[in-house]
Amino acid sequence: MVRKIIIAGNWKMNKTMAEAKALVKELKGLVADVKAVEIVVCPPFTALNAVVEAAAGSNIKVGAQNVHWAGSGAFTGEISAAMLKEAGVEYVIIGHSERRQYFGETDATVNQRLKAALAAGLKPIVCIGETLEEREQGMTEKVLLTQLEGGLAGLSSDQVAGVVIAYEPVWAIGTGKTATPEMAEETHRYIRCTLKSLFDEVAEDVVIQYGGSMKAANSGQLVAQKNIDGGLIGGASLEAESFAALIKNAVA
Ligand code: 13P
């Protein structure tokens, strides 16, 4: 099976409603003829509705940056899967390293959020990745294995086929240090092999994105690798022109 290329912009805590609308309106025009890439933008919660409206009728899909596992209740500051569905959201990022680092996200909470997202019919983008210290200690594979085992625990193979994995080496996020295409491919291959050992042949269908200082200048080389099926983009997704160029170069 030929895997889809999915490129998603994670806007993190950036863009007011007005800024978000303006960005999507500009992006729409720039990527209107792109067919080979599934394009996703993930604004903050407050701008989701505005972005869904601005993206209507275009080839731009909308994702959220987090989802809670409960249907409703006393969880101040959290958002449920049903709320996201109602807002017109299709994708949701789960377990970003910033949430792991600053907000106590663990593989167990990633797993709970993931199950809620799947049950609601949202397409999850589950983030994994090692820190610089872990890489230097030769622990990358062990860290990724633990994150995959814990994060995807209890899922059926069919469910895993619908999960997007974003491999984001923490040391490459926002630092300008991208993993070389060869280095990233080696890790992506390891992730796919691990998925195969955990969930069987369905691993061949799983989209594995790369994230960490991906930009227009390196997206082509990265996505050309056999096991790199797109990207999760921070900084370069905040301007329509840079994001559009990154998307087009990825499949040029
Ligand atoms: P940068 O593209 O800014 O390095 O961020 C990557 C990221 O964290 C996307 O989720």
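Bear in mind these aren't lab numbers, they're just calculated from the coordinates by the rules spelled out. Since we're looking at a predicted model, the values are computed, not measured. Every residue, glycine among them, receives a Cβ derived from its backbone with ideal geometry; neighbour counts consider all protein chains shown.
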Per-peptide average of other Cβ atoms within 10 Å, ordering 87-95, 200-208, 73-81, 115-123 highest first
87-95, 115-123, 200-208, 73-81
Would you please calculate the Kirkwood hydrodynamic radius of the chain over all C-alpha pairs and express it in Å, rounded to one decimal?
17.9 Å
If you average the sequence gap of Cα pairs under 8 Å that are 6 or more apart and divide by the length of the chain, what percent do you get for the contact order?
21 percent
If we count every other residue with Cβ under 11 angstrom of residue 146's Cβ, Lys/Arg +1 and Asp/Glu -1, where does the sum land?
-4
Rounded to two decimals, the Debye log10 I(q)/I(0) of segment 170-252 (Cα scatterers, no solvent) at q = 0.12, 0.15, 0.21 Å⁻¹ is -0.35, -0.53, -0.92
Please report, in Å, the Rg and the Dmax of segment 20-150, where both are computed over Cα atoms only.
16.4, 48
Under 25 Å between C-alpha atoms, the lysine pairs in segment 97-228 lying 8 or more places apart or on different chains count 13
Taking the Cβ of residue 55 as the centre, find all other residues whose Cβ is under 14 Å away and add up their charges (Lys, Arg: +1; Asp, Glu: -1).
+1
In which sequence would 135, 189, 113 go, from the one with the fewest C-beta neighbours within 10 Å to the one with the most?
189, 135, 113
Proximal aspartates and glutamates to residue 85, defined as alpha-carbon separation beneath 15 angstrom and excluding residues fewer than eight positions away on the same chain:
53
Give me the Å³ per residue figure for the convex hull around the C-alpha atoms of segment 124-198.
89 Å³
Counting sequence-distant residues (5 or more places) and residues on other chains, those with an amide H built under 5 Å from that of residue 9 are 40, 41, 42, 233
How charged is the neighbourhood of residue 240? Take every other residue with its Cβ under 9 Å from the Cβ of residue 240, and add Lys/Arg as +1 and Asp/Glu as -1.
-1
Name the lysines eligible as straight-distance cross-link partners of residue 35: C-alpha to C-alpha under 16 Å, and not fewer than 8 places from it in the same chain.
4, 61, 248
Calculate one ³J(HN,Hα) per residue across segment 116-133 by plugging θ = phi - 60° into the Karplus curve 6.51 cos²θ - 1.76 cosθ + 1.60, and present them in order as whole Hz with x for glycine and proline.
5, 5, 5, 4, 8, x, 7, 9, x, 10, 9, 8, 9, x, 9, 7, 4, 4
Taking the square root of 5 times each eigenvalue of the Cα gyration tensor, what semi-axes in Å does the equivalent ellipsoid of segment 1-55 have, largest first?
22, 13, 8
